[in-house]
Amino acid sequence: MTAAISRHRKRRKLKSEINVVPYIDVMLVLLIIFMVTAPLLTLSVDVDLPKSNARSVDSKADPIIVSVDAEGRYSLKLKDAPAEPIDAQTLKAKLGAFVRENPDVPVFVAAPGSADYQRVMDTMVMLTEAGVPKVGLMSQPGDNAR
């Protein structure tokens, strides 16, 4: 009789497959949770940004370029003349007189990357004290410019 019982009881074969249905269910539930909560997680701050249509400077007059080197020495380039070294007091007087004659002429400050930021700012303050209404900073586009 034991032989008859053992025939009826078949040995179950082991499955070597992974049942992925529970994993798919969990994944779908997590996907739904993330889809619902993602819009709620965006934090926003209301900022009133200034409006600008930035473009390159188009000017009929040649700009005045005041250069500051890394040691703090100044040079001035007026119109088509070459850049000439100049001290701070002479620069202030000469530029003030030139801007009074030509108020629409653009004035730019140029400095190498190794120049001290404080020197550049002091130059800009000196130019505004000389009567320059607007002072711009010159730059060259780098490798990551877009």
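Coordinate-derived values only; no laboratory data. Note that the structure is predicted; figures quoted are calculated from it, not measured. Using ideal geometry, Cβ is built from the backbone for each residue, glycine included, and neighbour counts are taken over all protein chains shown.
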Subject >> Estimated distance in nm for a label pair at Tyr23 and Ala97, the labels positioned 7 Å out from Cα along Cα-to-Cβ >> reply: 8.4 nm
Subject >> Tyr117, Tyr74 arranged by Cβ crowding within 10 Å, fewest neighbours leading >> reply: Tyr117, Tyr74
Original post:
Dividing the alpha-carbon radius of gyration of segment 64-137 by 2.2 N^0.38 Å (N being the number of residues), what value is obtained?
Top reply: 0.99
Subject >> Residue exposure sequence - Ser75, Ser67 - by fewest surrounding Cβ within 10 Å >> reply: Ser75, Ser67
**OP:** Any chance you could run the full-extension gain for Lys15 through Gln118? It's 0.36 nm times the residue separation minus the Cα-Cα distance, nm to one decimal.
**Re:** 29.5 nm
Original post:
Residue separation times 0.36 nm, minus the C-alpha to C-alpha distance between Lys134 and Phe34: what's the value?
Top reply: 30.9 nm
Original post:
Any idea what the relative contact order of segment 64-137 is, in percent, if you count C-alpha pairs under 8 Å spaced at least 6 apart?
Top reply: 36 percent
